1. On full extension of the chain, what length is gained from V173 through R40, given 0.36 nm per residue of separation minus the C-alpha to C-alpha distance?
2. Share of Cα-Cα pairs in the chain beyond 19 Å, in percent?
3. Dipole of the chain (Lys/Arg Cβ +1, Asp/Glu Cβ -1, origin at the Cα centre): which of L13, I151, L49 lies farthest to the positive side?
4. Roughly how many percent of the accessible protein surface of the stretch 33-192 is carbon and sulfur, given a 1.4 Å probe and a whole-percent answer?
5. Would you work out the charge dipole size for the chain about its Cα centre, treating the Cβ of every Lys and Arg as +1 and the Cβ of every Asp and Glu as -1, and quote it to the nearest 20 debye?
6. For the stretch 122-193, report the convex hull volume of the alpha-carbon atoms normalised per residue, in Å³, without decimals.
7. Among V87, L174, F73, whose Cα sits farthest toward the positive end of the charge dipole of the chain (+1 at Cβ of Lys/Arg, -1 at Cβ of Asp/Glu, about the Cα centre)?
8. Ignoring ligands, DNA and RNA, how do M127, M32, M1 rank by accessible area with a 1.4 Å probe, largest first?
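The values are calculated or read from the model by the stated rules, or taken from the named source; none is laboratory data. Worth saying up front: this structure is predicted, and the values here are computed from it rather than measured. All Cβ positions, glycine included, derive from the backbone under ideal geometry; neighbour counts span all protein chains shown. These area figures cover heavy atoms from the full protein model, side chains too; ligands, DNA and RNA do not enter into them. Shrake-Rupley method; radii C 1.70, N 1.55, O 1.52, S 1.80 Å.
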Amino acid sequence: MRIVSGAFRGRTLKAPKGDSTRPTTDRVREAMMSVVASARGGFEEAVVLDAFAGSGALGLEALSRGAATAYFFEKDSKAFRTLCDNVSTLGLGAKQARTFRADVFKEPPTYAGAPFDLLFFDPPYMMEAETIVSLCQLLDDAGVLALDVVIVYEHSTKASQSVEAALTGTQFVLTQYKKYGDTALSIIRKDLT
């Protein structure tokens, strides 16, 4: 696994051993970052939440491309050690990379100083879309989501209809949907109309 673009382009990342994580492939990560760059107009000064960090590849890619800060949440101890190793290898300090060995659902980052501009949800196991949308709602109610937040939810293509159903009746809308084999990316934003 390597950083695809930006300041750390080509740098190798460790991946946790075992099946507690499911790293995003380089191909899907590159496509995801292109979609985000288009939706946000780039990564500059973004405050990122990598909610199921694993190796940290998504948040680290965003930092490489100009994000200001990334909050990484990982509950698995082995994956967390790998995440910390990757952060250390890239020479990132606590102002840029804030790592938490915690379950993002049990300890959501409602205390974040600056609002999150970009959220990555890539759970390593099947998770109901309603659970992800509920967490977004909780963070928004706590005032830690920017008005123009971009939410990237990576999931199985089989779960695509459940994502749209989970968004019904919320202030969030599906703005883009991309398929890469069995993997789908749902890009979610606040409905500002």
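1. Details: separation 133, 0.36 × 133 = 47.88 nm, distance 1.56 nm.
46.3 nm is the gain from fully extending V173 to R40.
2. That tail contains 55 percent of the Cα-Cα pairs.
3. L13
4. 48 percent
5. Rounded to the nearest 20 debye, it is 720 debye.
6. On the way: hull volume 6.2 nm³, N = 72.
In the stretch 122-193, the Cα convex hull volume per residue is 85 Å³.
7. So the residue we want is V87.
8. Values: M127 30, M32 0, M1 60 Å².
Order by accessible area, largest first: M1, M127, M32.
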